[in-house]
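Computed from the coordinates by the stated procedures, all read-outs in this text should not be read as laboratory data. It should be emphasised that the depicted structure is a prediction, and the values quoted were computed from it without experimental measurement. So basically every Cβ, Gly included, is an ideal-geometry build from the backbone, and we count neighbours across all protein chains shown.
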Amino acid sequence: MHSETGRRPAYLHVLERLFGARRGRVRDLFLSRAAVIFLAVEETFFLYVLVALVRALAGRRTVGLLLRPMPIAVSPRLRCCFRRMVLRAMKRCRTVRTLTIVPFNVFPAFSTIADDWIYDFQLWDVTEEEREAVEQLRRERRPGNRFVMTALGTQSRGKGFDLFSDAFARFSVLRKRFTFLACGKVSPDIAEYALVLEEAGGVAVDRALSHAELLGAYAASDAIWCFYPRAGDHASGILGRAVQLGIPVVVRQGSLAHRLCTVENLLHIAVAPEQIIERLTGPLPPQNIAWGRYAARRFAQRSEATLREAFGMAPEPAAKTADASQGASPAISPSRDPTTTTAAFQEPP
């Protein structure tokens, strides 16, 4: 758990820990004997296709992650149709593996453009040290007479911050039941909603959080606001870390996040804007630390196995896999193949 906004650096960190990955230069992409992975195919699409095809001629593996597969999978726009056609054709190449970070059973159309899928790294990357720190803070917490609902990360309309603030200000029944807390930089175009929240008795921390503050915010929360757009097609680090820590999340009804929570049986409340009072005054799922740990372990095992196969690495020994399923999460247990180094590529920030 590195920052509110550092999704791809967090991905690279996991790949470094598990597979010995390193950040590569453009030259490395073509010349590396080891597998190469692109962390965001959408942002370097033509380079990904070129590198994959050139490397395929030499029998070398190339892996690409689709972070936002929805437009390519379903959009009628010419650009997306072209990319959809190219990815479908590339599925015939054995040395090229395109992966989504959303399970196919959450949105089956993704299977038409990708070879396989993993769980978003931020659904299984919390370390034992971070988990223990949050649990220690929870034990020290003095519960009040209201639940704490927290919106973390950059606050914007896309994340439903306007609805979050407006609902708290308008409905006294919510103010009696919850303390609404927003922690993260507020987008300038909705800055007035931070004032609305504060005037109603909520709390708005309009700045980026440090790592320690982020852990503290999770520990202080009874539910996490994850009200992302219905068409949002990627998992969120905020949602993912809440899931791993066993904290219920509030998601937009019918969104991809809602589908993910339903399919994976994650602690959640699905809310439509017109039903916010009804849903948030109903039963609140209790936190379940053990379930969060189990889910993260399961996500890690499935994702590591898929990545190992994509990289052309040998499967994990059965004994080690069994030990991991009974003990520490494999998300924090390095599983490097001593003969393989993965070159990971991402665009400079």
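Assorted remarks:
- Structure-based [θ]222 nm, the chain - -39500 (n - 2.57) summed over DSSP H runs of at least 4, per residue, nearest 500: -12500 deg cm²/dmol
- With a simple spin-label model that places each label point 7 Å from the Cα along the Cα-to-Cβ direction, the separation between L31 and T154 comes to 3.6 nm.
- The GluC sites (Glu not before Pro) of region 94-199 include none that meets both criteria, a DSSP state outside H, G, I, E and B (loop) and at most 14 other C-beta atoms within 10 angstrom of the site's C-beta.
- Folded to 0 to 90 degrees: helix 211-220 orientation relative to the chain principal axis, Cα: 50
- By the count of neighbouring beta-carbon atoms within 10 Å, fewest first, D189, D28 end up ordered D189, D28.
- Tensor-based shape of region 203-293 (alpha-carbon gyration tensor, a/c under 1.5 rounded, otherwise prolate or oblate): rounded
- Folded to 0 to 90 degrees: helix 161-170 orientation relative to the chain principal axis, Cα: 10
- This ranking places T95, T150 by how few other beta-carbon atoms lie within 10 Å of each, fewest first, which gives T95, T150.
- Sorting the segments 12-20, 53-61 by their residues' average number of neighbouring beta-carbon atoms within 10 angstrom, most packed first, yields 12-20, 53-61.
- Three-way shape call for region 26-141 based on the alpha-carbon gyration tensor, with the a/c threshold at 1.5: oblate
- Put simply, the C-alpha atoms of region 127-227 give a gyration tensor, and the ellipsoid matching it has half-axes of 23, 17, 10 Å, longest first.
- Cα-based shape type of region 70-196, given that a ≥ b ≥ c are square roots of the gyration tensor eigenvalues and the cut on a/c is 1.5: oblate
- Per-peptide packing, taken as the mean over residues of other Cβ atoms within 10 Å, places 301-307, 79-85 in the sequence 301-307, 79-85 from highest down.
- Helix axis angle, 7-19 relative to the chain longest principal axis, alpha carbon, degrees: 50
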